[in-house]
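The values are calculated or read from the model by the stated rules, or taken from the named source; none is laboratory data. Predicted model, so just to flag it, every value in this text is computed and none were measured. Positions of Cβ are backbone-derived with ideal geometry, glycine not excepted, and every protein chain shown enters the neighbour counts. Protein only, heavy atoms only, side chains kept; ligands, DNA and RNA dropped before computing areas. Shrake-Rupley method; radii C 1.70, N 1.55, O 1.52, S 1.80 Å.
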Amino acid sequence: MTGHPEGEPSKVPEFYITGVAESPLGHVADQSEPSMAALAAMEALEEAGLTRADVDGLFVNYMGEEGSVQVGEYLGVEPRHADSSDLGGGSWEGFVGHAMAAIAAGQCEVALLVYASRQRSLRSRSRKHATAPALPGSIAAQFDVPAGLPLPIGHFALITARHMYEYGTSEEQLASVTVTGREWARMNPKAWRRAPLTVQDVMASDRVCGPLKKLDCCPITDGGGAVIVTTADRARRAGRPPVAIRGWGESHTHWHPHQRRDLTTTAAVASGRAAYEMAGIGPEDVDIFQPYDAFTITPILQLEDLGFCQKGMGGEMFAQGHMKPGGRLPAMTSGGGLSYTHPGAFGIFLLIEAVRQLRGDAGERQVAPKPRTALVNGIGGLLSYSSTVVLTDD
Amino acid sequence: MTEPADLHDPTTTEFWAAARDGRLIVQCCAACGHHQLYPRPFCMACDSPKPAWAECSGVGTVYSCVQVLLPVHEELPPPYTSGLVELEVGPRLLGRLPAGTVIGDRVVARWRPDGTERPILYFDHVSGEGADGPVGRRPAAGSAGRTGTAAGEAAS
Ligand SMILES: [Zn+2]
């Protein structure tokens, strides 16, 4: 492939996040899931200087069958570009790239990414069935269910145990991931768990599966959020400084744990490489990191697979405190899935927090000096899917 | 034997028929020798169509395992141990393991009839590496490799 014709300047499309909002979080007794999604969408649109009528691309996961169709009806949006892709909890990082592609192809200009769940209030998923039960006759029903591993924690426990075996990662290092998130959560008034927490507290919590203890696992909350992805032109109307999307990548590796040869290396290797390459940066250029901490092993793997440390050293890096307030790579700055909120899928909240930090809107927990480059990494399934987004403040 | 409709997966009928006989079969590619599970209509290593079934010893190494302390199945009260076993021929299977199993242990597959079309897979520790056993002359080194890939590569 050669470049553009001689004399014609190359127009690299630019993409911005111009509005972000959370719905009510925690235990939400006075809203439905669609109404929570709508509240977040309206607030994000207002911040972006846009209205419902401007939305021509709609990106929804979960929220029922054909999610974007159901949410589109509720919001009164009939989009030109619709996406109900199920990429698990990392779908919204994936949607950022899908929205960029749609905008670049002229299929939409204002993409609304949205999510809400009341799974704490509705208890629609117990710990036993935090993912959909295997369909009769499926590979999972035949080859996985009889082994009796609880989902999803059993699979994360398998990965944790293998990482401990291969690299010497300790339970104390895992606990330091929860403690890191909690130190940030203590400065976030919206966080679900805010009490002081030590490594000893995590170690003393009940063991639930293999090496994983209760406080290695995220709580189940209610919550939702919305993110607006749009063009440079539309970004000029935004009420807060637009955040530029500079890099993006996605990949997935496996669904069943027996199908992944190296269970402790994730699709973040591929999604991260693509995102860094597109942005023209490396891990050394990242000021803040938003990993997907549903379980303590995940941010450890993400640190390694995104090149912040050598493979196997992620636990040590957390234990040394580098991701805590004042550390050299602030991470989980909202408090993360482990302490701030985790309504089944956490991906949209990673984007919201990164944008707020890059704008200087993060209040007491604002990283100083204000970060200029954020790396966001969404994870879906049983460490199956990864999407990486590079965001900058200009 | 016919399967109830909700259990029907034509691609695994042979696998479960062997399991009811107490045998473990895996797909083996005639072109390149690659072994694979679950079954597919092509070889994952070389794309050749229609990999054949081959019987295997069921001996393998524990790749990862965990102690389950949450109730999952009514008929399976916790605590119990489950995990991933890498068969000597390469593929991995998820199954129940003896209490006290640790990663790297050598185990052998057993089928436990439970009155259904699909018996339950569990693993026993390999007792003794005697010359008369089915695993007697197999080298232990490699299958306990730190990366967990050595056994699969050696077999293919
Ligand atoms: Zn082959």
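Below, the figures for the structure above:
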| read-out | value |
| --- | --- |
| Estimated translational D of chain A in µm²/s (Stokes, Kirkwood radius over Cα pairs; 20 °C; 1.002 mPa s) | 103 |
| Beta bridge orientation in chain A: antiparallel %, DSSP, nearest 5 | 75 |
| Residue A:190-residue A:262 pseudo-label distance in nm [points 7 Å out on the Cα-to-Cβ vector] | 3.7 |
| Within straight-line cross-link reach of residue A:214, aspartates and glutamates at Cα separation under 13 Å, skipping those fewer than 8 residues along the same chain | A:171, A:201, A:206 |
| Inter-part distance where the stretch B:30-50 and the stretch A:134-204 are each reduced to a Cα centre, Å | 35 |
| Spacing of the two label points (7 Å from each Cα toward its C-beta) at residue A:122 and residue A:46, in nm | 2.6 |
| Ranking by accessible area, most exposed first, for B:53, B:111, A:255, B:16 with a 1.4 Å probe | A:255, B:53, B:111, B:16 |
| Surface accessible to a 1.4 Å probe, residue A:167 within the full protein complex, Å² | 80 |
| Accessible area of residue A:42 in the full protein assembly, 1.4 Å probe (Å², nearest 10) | 90 |
| For the stretch B:59-83, residues shielded by at least 20 square angstrom of accessible area compared with the chain on its own, probe 1.4 Å | B:63, B:64, B:66, B:67, B:68, B:69, B:70, B:71, B:72, B:73, B:82 |
| Amide H partners (placed H, <5 Å) of residue A:151, local residues excluded | A:130 |
| Area of residue A:184 that stays accessible when all protein chains are in place (1.4 Å probe, Å², to 10) | 10 |
| In sequence order, calculated HN-Hα J values of the stretch B:15-30 (Karplus, 6.51, -1.76, 1.60; Hz; x Gly/Pro) | 4, 6, 5, 5, 4, 5, 8, x, 10, 10, 10, 10, 6, 9, 7, 5 |
